[in-house]
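Below is one structure, written out as structure tokens; the observations come after it.
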Amino acid sequence: AQPEALVAVDLERLRYLYANAIVAEKDLHYLDNLKNAAERYKNKDVSAMYQYETAHVYQKLGNTFNPKTNETNQWKLKEALKVCDDVIAAYPESRGAKKCSVLKKQLLKEQLELTVERYLPNNCLAKVLVRYRNLSTLNFTAYKINEKGLKKLSELYESDKRLAYIKKLPKITDWNTPLINKGDYQSHTIEVLLPALKNGNYVILATKEDEDNTEPSYAYSTVQMTNLSLSQRRTDKNQLFQVVDRNNGNPIRNTKLTVSYRKNYRENTATKTLTTDSNGFAAFPLNNTNYRVSSIRVTHGDESALFGNTYINSKPRKQPNRKTFQTFFFLDRSIYRPGQVVYFKGIVVKRDGKLTQPATNESVTAVLRNTNNEKISELDFETNAYGSFAGEFVLPSGGLNGQYRLEVSGTSNLINDSHYFSVEEYKRPKFQTSFEAITESYKLNDSVTVIGKANSYAGSNITN
């Protein structure tokens, strides 16, 4: 007479089966079971729980939609919304209707994201990538902002305060863009044209047309318009900054760089002014101090740009010349069976400053260890005139399989190297796979066809 507890247990059972079953088309089986169970309790409020679970499955399937790889479930979110509406209409006071109301809000929730390149050339048309859901039209506005404004905007965490702050900035231009709303409640992307803007920093704001304006959907992104581009690299003595033209890559000479930094990451901020040479380079000398660069102001003529957030580490210290040894190993194969013979060779080289030469007449010990780091066997050698030694180990027939290790150590304690190899019970392969050579040229977004074949070593084709 009151089947709420039974329905709760039955749904738990069905969810467990759905999560752990490995059968073909288990989504269809699950939905059929939910439909039949809802029919058993037709005209009772508990039927809404099965229907909510159906809508939840549609939502999960709809979330797998991808316009490039999986278009099958594009309309499942719409089906989920219809189920929710039917439940809310038929059983408005039921627990299932309350859960459907929450799910419906999720399905109808608007989504809006903007992606703009961080730096763009002056007075050139560019594109803004818009990811949206459940929107039909957007209003775009470009606001001018300075460095202090950018810092203050980054410190605002409440959504309404950020929007209010942006709208108080100087407006440069605005425009409207219609979006393609297919009514599938899925996320989609579109590229929107960004008008040509002068040198400076801007906030690109996108808002929807909202009559009641109770909870405005908006997104914003910042962009700096500049023809200047800054790159950096490091030498033994300097941190080199290069300024080039963003449009053609030509170096820009006589450009002023104002570097704001803190020594050792904790002292007060200081500045250093640099000027680029004929190749667009400006050198920041290295010493024994670490620098945290907060900003680099680049100025050339009437144009300026701001870059920053980088580190300049201290000058590398000269290491005293030390004599070191290194052993290079050569094995006859990389994988062995138990009981096989491991033939190995080692070449020991000695480095003294910048001089590298064979380590001759060095006494070395080679040790074979199994996967549990237990010593299996040991051999002593003396390197020849070429710094090499060679020997063999017999692997135990009944030992453990896995990663074995060949260790080499010297009496001077300066030689200490190791090499790993596998010991496994394996069978020789009966066939080989190969790919035909790619002879065409491809560009981005092309489809590439790769043909592979499986042939037995006797020459016949391998099927299935």
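The values are calculated or read from the model by the stated rules, or taken from the named source; none is laboratory data. Predicted model only: the values in this text are computed from it and were never measured. FYI the Cβ positions are ideal-geometry reconstructions off the backbone, even for glycines, and counts take in every protein chain you see. Ligands, DNA and RNA are stripped out before the accessible areas are found, and what is left, the full protein with its side chains, is counted by its heavy atoms. Shrake-Rupley method; radii C 1.70, N 1.55, O 1.52, S 1.80 Å.
Brief remarks follow.
- Distance between the pseudo-spin-label points of residue 199 and residue 17 (7 Å out from Cα toward the beta carbon): 7.1 nm.
- The calculated FRET efficiency for the pair residue 377 and residue 318, based on their C-beta separation and a Förster distance of 51 Å, comes to about 0.75.
- Taking all protein chains together and a 1.4 Å probe, the residues 225, 49 rank 49, 225 from largest to smallest accessible area.
- Under a model in which nothing but the beta-carbon of Lys, Arg (+1) and Asp, Glu (-1) is charged, the chain shows a dipole of about 1660 debye around its Cα centre.
- Orphan Cys of the chain, criterion: no other Cys C-beta under 4.7 Å: 124
- Pairwise label distance in nanometres, residue 40 with residue 435, each label 7 Å out on the Cα-Cβ vector: 5.2 nm
- The slack in the chain from residue 443 to residue 105, taken as 0.36 nm per residue of separation less the alpha-carbon distance, amounts to 117.4 nm.
- Heavy-atom accessible area order for 119, 265, largest first, 1.4 Å probe: 265, 119
- Calculated [θ] (222 nm, deg cm²/dmol) that DSSP helices of n ≥ 4 give over the chain, each run adding -39,500 (n - 2.57): -6500 deg cm²/dmol
- Projected label distance in nm at residue 304 and residue 1, using a 7 Å step from Cα toward the beta-carbon: 8.4 nm
- For region 388-404, Karplus couplings with θ = phi - 60° (6.51, -1.76, 1.60), whole Hz, Gly/Pro x: 10, 8, 8, x, 8, 10, 9, 6, x, 6, x, x, 6, 8, x, 7, 9
- Our analysis of the chain gives Rg over Rh at 1.12, with the two radii drawn from alpha carbon positions and Rh computed by the Kirkwood formula.
- Of all aspartates and glutamates in the structure, the ones whose alpha carbon falls short of 12 Å from that of residue 82, not counting any fewer than 8 places away in one chain, are 184.
- At full extension, residue 233 and residue 139 could sit 29.7 nm farther apart than now, given 0.36 nm per residue minus the alpha carbon distance.
- Cut-off 15 Å between beta-carbons: net charge of the residues surrounding residue 355, Lys and Arg +1, Asp and Glu -1: +4
- Nonpolar atom fraction for region 248-382, defined as the carbon and sulfur part of the 1.4 Å probe accessible area, stands at 41 percent.
- Among the protein heavy atoms, those of residue 124 account for about 50 Å² of accessible surface (1.4 Å probe, every chain in place).
- Heavy atoms of residue 262: accessible area, 1.4 Å probe, square angstrom to 10: 80 Å²
- Extreme residue, positive dipole direction of region 50-156, given options 80, 51, 115 (C-beta unit charges): 115
- Nonpolar atom fraction for region 4-105, defined as the carbon and sulfur part of the 1.4 Å probe accessible area, stands at 53 percent.
- Straight-distance candidates among the lysines for linking to residue 198, with alpha-carbon spacing under 24 Å and chain neighbours fewer than 8 residues away dropped: 127, 144, 148, 151, 152, 167, 168, 171, 256.
- Added length on full extension, which subtracts the Cα-Cα distance from 0.36 nm per residue, residue 164 to residue 151: 3.1 nm
- For residue 101, the accessible area of its heavy atoms, probed at 1.4 Å with every protein chain present, is near 50 square angstrom.
- Mean accessible surface per residue for the chain, computed with a 1.4 Å probe while every protein chain stays in place, in Å²: 63 Å²
- For the residue pairs 60/98; 76/161; 263/354; 42/105, the C-alpha atoms sit more than 30 angstrom apart in 76/161; 263/354.
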